[in-house]
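Accompanying notes for the structure given below.
All of the numbers you see were taken from the coordinates with simple rules; none came from a lab. Here the structure is a predicted model, which is why all the values come from computation and not from measurement. Quick reminder, even Gly has a Cβ in these numbers, built from the backbone with ideal geometry, and neighbours come from all protein chains shown.
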Amino acid sequence: MKKVIYLFTAISLFAACNQEPSLEDLKGELSTAQSEMGALQVAIDSLEKKIARLDTNRVAEPVKLVPVQVRAIATQNFEHFVKVSGLVSSKQNVMLSAEGNGRVISIDAKEGERVSAGQVIIRLEDDFISSQLAEARAGYKLAKTTFERRARLWKDSIGSEIEYLNAETNFLSSKDRLAQVEAQLENSKIIAPVSGVVDNITVNKGEFVGVGTPVVRIVDLNNLEVETDLSENYLKAIKKGDPVQVSIPALGLNQEEKIIFTSQFIKPENRSFTVKVALDNKNALIKPNLLAELTFKDYQNDSAFVVPSIAVKKDLKGNYVYTVVSDAKGNVVKKRYITTGYSFSDKSEITSGLSTGEQVIIAGFNEVSEGQEVSVQ
């Protein structure tokens with residue numbers, strides 16, 4: 001202490017004499033003062049410890065305990081879910097093509113309009129076919145009348161067998177001819193095979209179309225489903241009729257639906273099977289090919305030990321949690337090694353290592369260690 005006083009006295013006298021010290025002198029004096037101050041602090045700490053041992057009347061400062069939150073272990077329901085992506089599709093999504101050749105003479109529906117099954121949407125020219133149909137009907141009528149007369153005569157043993165057979169052949173031939181012409185006339189019409197909405201018409205009135213030319217798409221928005229593939233590991237957990245949570249991110253929709261189909265075939269390329277989920281499209285907002293997210297429940301335990309996943313730690317020996325045990329010292333931390341089962345969201349299932357009633361630390365676990373006394377909040 002005297003050295004420190006002498007040092008400051010020297011500095012004061014030096015300054016009083018208006019003698020400005022150099023930078024190096026000041027740095028040296030600062031280093032010396034810091035060294036002496038450190039030595040003094042060591043001496044002070046040593047004296048305080050000796051006094052504390054000898055002073056029986058001195059009151060010790062209370063130890064500050066780490067605050068923690070605990071949860072008593074008890075059985076509860078635990079569910080595990082698997083989330084996958086799927087694609088919305090329509091069971092009635094039909095692209096119609098022309099079945100005959102001809103020029104478009106009328107378009108009897110508009111895009112966005114709802115049509116019924118059997119309704120004519122597009123008509124092709126049929127003048128030539130209509131004249132052929134009239135001729136075929138007349139030929140069929142004559143051949144039928146002739147055959148019926150020859151059949152009656154042949155029954156009464158009148159006329160030759162050849163005449164009867166010729167009449168029968170002409171009748172059957174004219175019948176086939178009529179059916180062919182009627183089919184050609186029918187092919188001049190594009191008819192809706194299902195009820196739905198006309199989504200797209202690709203031809204205009206007056207255009208010529210050939211057999212196989214795509215002309216109109218019909219989509220039934222009331223009969224939608226989501227299809228996805230699941231790993232074969234879920235075969236036992238997923239079955240027809242199970243509830244599924246369906247989310248359509250693009251629309252912000254969330255609704256519960258049911259599985260309507262599970263494939264009996266495992267795809268060898270990725271070891272998966274197909275699952276289909278029905279969709280209720282009340283407001284007609286959901287469209288085919290939208291991306292959907294499906295959440296399936298694949299596991300449930302009604303009597304599980306569950307802890308927050310964040311409370312589960314791991315070292316070289318395995319997974320563990322911190323528990324609090326009350327003894328003579330107070331609330332003391334104990335490390336308990338555990339075996340975990342499924343984890344979902346922020347919860348983990350504990351299959352072994354804990355017993356009912358044990359107090360597991362769920363907050364403050366990062367600030368404690370084995371054997372440490374803590375304050376339970």
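Let me have the 222 nm mean residue ellipticity of the chain computed from DSSP H runs of 4+ only, each contributing -39500 (n - 2.57), with the sum over all residues rounded to the nearest 500.
The per-residue figure over the chain is -9500 deg cm²/dmol.
Explain nothing, just compute: Karplus ³J(HN,Hα) = 6.51 cos²θ - 1.76 cosθ + 1.60, θ = phi - 60°, for every residue of the stretch 25-30 in order, whole Hz, x for Gly and Pro.
Rounded to whole hertz, the list is 5, 5, 4, x, 5, 5.
For a quick protection proxy, order the peptides 206-214, 70-78, 154-162, 142-150 by their average other-Cβ count within 10 Å, most packed first.
For the peptides 206-214, 70-78, 154-162, 142-150, the packing ranking is 142-150, 70-78, 206-214, 154-162.
At a Förster distance of 41 Å, what's the computed FRET efficiency of Q180 paired with D229, Cβ-Cβ distance as r, to 0.05?
Given R0 = 41 Å and the Cβ-Cβ separation, E is 0.35.
Taking the chain as a Gaussian network, where each spring joins two C-alpha atoms under 10 Å apart, which residue of T228, T274, T202 fluctuates the most?
With Cα springs under 10 Å in the chain, the top fluctuation among T228, T274, T202 is at T202.
Count the net charge of all other residues whose Cβ sits under 14 Å from the Cβ of F344, scoring Lys and Arg as +1 and Asp and Glu as -1. Before the final figure, lay out the partial values.
Details: positive: K83, K297, K347; negative: E79, D298, D346, E349.
Local charge sum for F344: -1.
In the neighborhood of T146, defined by Cβ-to-Cβ distances under 14 Å, what is the net charge if each Lys or Arg adds +1 and each Asp or Glu adds -1?
Counting the neighbours of T146, the net charge comes to +3.
Given points 7 Å out from each Cα along the Cα-Cβ axis, report the L153 to R336 separation in nanometres with one decimal.
The two pseudo-label positions are separated by 10.7 nm.
If I stretch the segment between Q245 and S195 completely, what's the gain in nm (0.36 nm per residue apart, minus their alpha carbon distance), one decimal?
That works out to 15.2 nm of additional length.
With the crude spin-label approximation of a point 7 Å out along Cα→Cβ, what separation in nm comes out for K282 versus N166?
In this crude label model, K282 to N166 measures out at 7.4 nm.
Over the chain, what number does the Rg to Rh ratio reach, with both radii from the alpha-carbon atoms and Rh per Kirkwood?
On the way: Rg = 46.0 Å, Rh = 31.7 Å.
Rg divided by Rh gives 1.45.
Within straight cross-link reach of K189, meaning Cα distance under 18 Å, which lysines are found once same-chain residues fewer than 8 apart are removed?
The qualifying lysines are K110, K205.
Based on alpha-carbon centroids, what's the gap between the stretch 202-247 and the stretch 160-183 in Å, whole number please?
If we compute the Cα centre of each part, the gap is 45 Å.
In a shell of Cβ-Cβ distance under 12 Å around R137, excluding R137 itself, what net charge do Lys and Arg (+1) and Asp and Glu (-1) give? Walk me through the numbers on the way to the answer.
On the way: positive: K141, K144, K175, R177; negative: E135, E182.
Surrounding charge for R137 is +2.
Can you give me the long-range amide H partners of Q372? Hydrogens built in the peptide plane at 1.01 Å from N, cutoff under 5 Å, separation of 5 or more residues or another chain.
Amide H to amide H, under 5 Å and 5 or more residues apart or across chains, Q372 pairs with V333.
Under 5 Å between amide hydrogens, which residues at least 5 positions from I259 or on another chain qualify, with H placed 1.01 Å from N in the peptide plane?
Placed amide hydrogens put G241, D242, V244 under 5 Å from I259.
Taking the alpha-carbon distance from K236 and a cut-off under 30 Å, which lysines remain once sequence neighbours fewer than 8 residues away in the same chain are dropped?
The qualifying lysines are K83, K91, K258, K267, K276, K297, K347.
Identify all aspartates and glutamates with a Cα-Cα distance to K239 below 19 Å; exclude those on the same chain that are fewer than 8 residues away in sequence.
Output for K239: E79, E225, E227, D229, E256, E257, E293, D298.
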